[in-house]
1. Note the full-extension length gain between residue 67 and residue 144 as 0.36 nm times their separation in residues minus their Cα-Cα distance, in nm to one decimal.
2. Just the ratio, please: alpha-carbon radius of gyration of region 23-202 over 2.2 N^0.38 Å, N its number of residues.
3. Could you tell me how many degrees, from 0 to 90 and to the nearest 10, lie between the Cα long axis of helix 97-107 and the main elongation axis, the longest principal axis, of the Cα atoms of the chain?
4. Describe numerically, in nm with one decimal, the distance between label points set 7 Å from Cα along Cα→Cβ at residue 199 and at residue 28.
5. If you take the charge dipole of the chain about its Cα centre, with +1 on Lys and Arg Cβ and -1 on Asp and Glu Cβ, which of 109, 67, 143 is farthest toward its positive end?
6. Any lysines with Cα under 30 Å of the residue 202 Cα? List them, leaving off those in the same chain fewer than 8 positions away.
7. Expected output is a single nm value to one decimal: the length gained when fully extending between residue 123 and residue 15, i.e. 0.36 nm times separation in residues minus the C-alpha distance. What is it?
8. Which ³J(HN,Hα) values, rounded to whole Hz and listed in residue order, are derived for region 64-81 from phi using the Karplus coefficients 6.51, -1.76 and 1.60 in 6.51 cos²θ - 1.76 cosθ + 1.60 with θ = phi - 60°, glycine and proline given as x?
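What follows draws every value from the coordinates through simple rules; no lab data is involved. These figures come from a predicted structure and were not determined experimentally. Cβ coordinates were reconstructed from backbone atoms using ideal geometry, including for glycine residues, and neighbour counts include every protein chain displayed.
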Amino acid sequence: MGKKQYTLPDLPYGYADLEPFMSEEQLRTHHDKHHSTYVKNANSIIESVEKAIKDGTDYNVKTTAKSLAFNLGGHVLHSYFWPSMGPSDKVSKEPVGEIADQIKSDFGSYDRFKKDFTQAASTVEGSGWAVLTYCNDIEKLAIMQVEKHNDVVFPEYPILMPLDAWEHAFYIDYRNEKAKFFDAFWNIVNWDEIDNRFKALK
């Protein structure tokens, strides 16, 4: 049995299936290059640490820990991101099931939630993400920002739906008009997947 490593997950749809909201070129570049790089880097970092431990040599722990958090964070977020979307003719246009009821309870309406979530994505400082989370302790949804990739481990706030606000997520299709990308995102949200994650938490 070979040593376990992180692997790039397959997409749950074809590369052209999110068009016209996300092009095949954009999706291939994002998944096959950017996400793949995070996976490769994480595996490489872990191997280098294992070698240093085996050889009894020192390594820069601070730099290594920060780099591992960045690359693993990218891998985790993207692994949630891909199944959060689906072909526009196969996904619901609005939340469904228990997540729909929770959004209405916590935000008043889907329109208000969508407005606030989009604003979170639009105002991330530098490169980052907007994420929808849920806390079982207080039984409420929350919208959070993730700067870069590093702050992805919220033990009490697991990820329900992430939105990538990095330039590499939209530049091929939308150039510098990222607001158009955020608008397009709502046409391909896989609400069944989000609802299943929510029900699993509860």
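1. Values: separation 77, 0.36 × 77 = 27.72 nm, distance 2.21 nm.
Between residue 67 and residue 144, full extension yields 25.5 nm more.
2. On the way: Rg = 17.7 Å, N = 180, 2.2 N^0.38 = 15.8 Å.
So region 23-202 has a normalised radius of gyration of 1.12.
3. The answer is roughly 80 degrees.
4. 3.7
5. 67
6. Candidates past the 8-residue exclusion: 90, 93, 104, 114, 115, 140, 148.
7. Working: separation 108, 0.36 × 108 = 38.88 nm, distance 2.85 nm.
Here the answer is 36.0 nm.
8. 5, 4, 5, 5, 5, 4, 5, 6, 5, x, x, 5, 5, 4, 5, 5, 7, 5
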